[in-house]
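Just so it is clear, none of the values below were taken in a lab; they were calculated from the coordinates. All values reported here derive from a predicted model rather than from experimental measurement. Using ideal geometry, Cβ is built from the backbone for each residue, glycine included, and neighbour counts are taken over all protein chains shown.
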Amino acid sequence: MAKSTFADMPGRAGEELGVSEWITVDQAMIDQFADTTRDRQWIHIDVERARSESPYGATVAHGYLTLSLLAVMSYDIGAAPEGTVAAFNYGLDKVRFLSPVRAGARVRMRSKLKSFEKKSNGQYLMKNYNVVEIEGEERPALVADTLVLLVAGPDAE
């Protein structure tokens, strides 16, 4: 599919923007996130304890780790239109964490454009409905409505 332009994005509302590649959420990634955020609950970092005491039988990724992967998965699918020079997280309208992501699981994002509106001075607000799927599982890890402020370059259409 050809890359979208700023002019045709509003007409794509309701369309799927794409499905990302799979990302493995391994224990090293979970540990790095725990170190960065200082959220070191045993359910995330204590492999032996999680194996014996957790209802999931393994350590699980932080919900916010899974949520943070939306950015890289959006890059992967090329969600922003041609001529975008900057993209900024603008917010979240709704997030629901539905299933834990066990260490070693693979996740991917399926994204649908909800709306695309011009704000001012070459800035546009893109709202997407995102589902993060867990490989081999029926129930997704999370669903989120994301808001991204895009800045169009001088030659963007």
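Computed values, structure above
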item: Residue order, fewest to most beta carbons within 10 Å, for L125, L113; result: L125, L113
item: Footprinting exposure proxy for S74, S52, S99 (fewest neighbouring C-beta atoms within 10 Å first); result: S52, S99, S74
item: Cα-based shape type of the chain, given that a ≥ b ≥ c are square roots of the gyration tensor eigenvalues and the cut on a/c is 1.5; result: prolate
item: Among L125, M9, P140 the positive-end extreme of the charge dipole of the chain (Cβ point charges); result: L125
item: Burial ordering of R51, R38, R102, fewest other beta-carbon atoms within 10 Å first; result: R38, R51, R102
item: Whichever lysines have a C-alpha closer than 16 Å to that of K127, once near sequence neighbours (fewer than 8 apart) are set aside; result: K94, K112, K114, K118, K119
item: Helix-only CD estimate at 222 nm, as mean residue ellipticity for the chain, using -39500 (n - 2.57) per DSSP H run (n ≥ 4); result: -6500 deg cm²/dmol
item: Degrees separating the helix 27-37 axis from the principal Cα axis of the chain, which is the longest one; result: 70
item: Options A71, T84, I45, ranked by Cα towards positive dipole end of the range 10-152, top entry (Cβ charges); result: T84
item: Virtual spin-label span in nm between V85 and R139, 7 Å along Cα→Cβ; result: 4.6
item: Cα-centred dipole magnitude for the range 10-152, charges only on beta-carbon of K, R (+1) and D, E (-1), debye, nearest 20; result: 440
item: Helix 63-77 axis, angle to the chain major axis (alpha carbon atoms, nearest 10°); result: 40
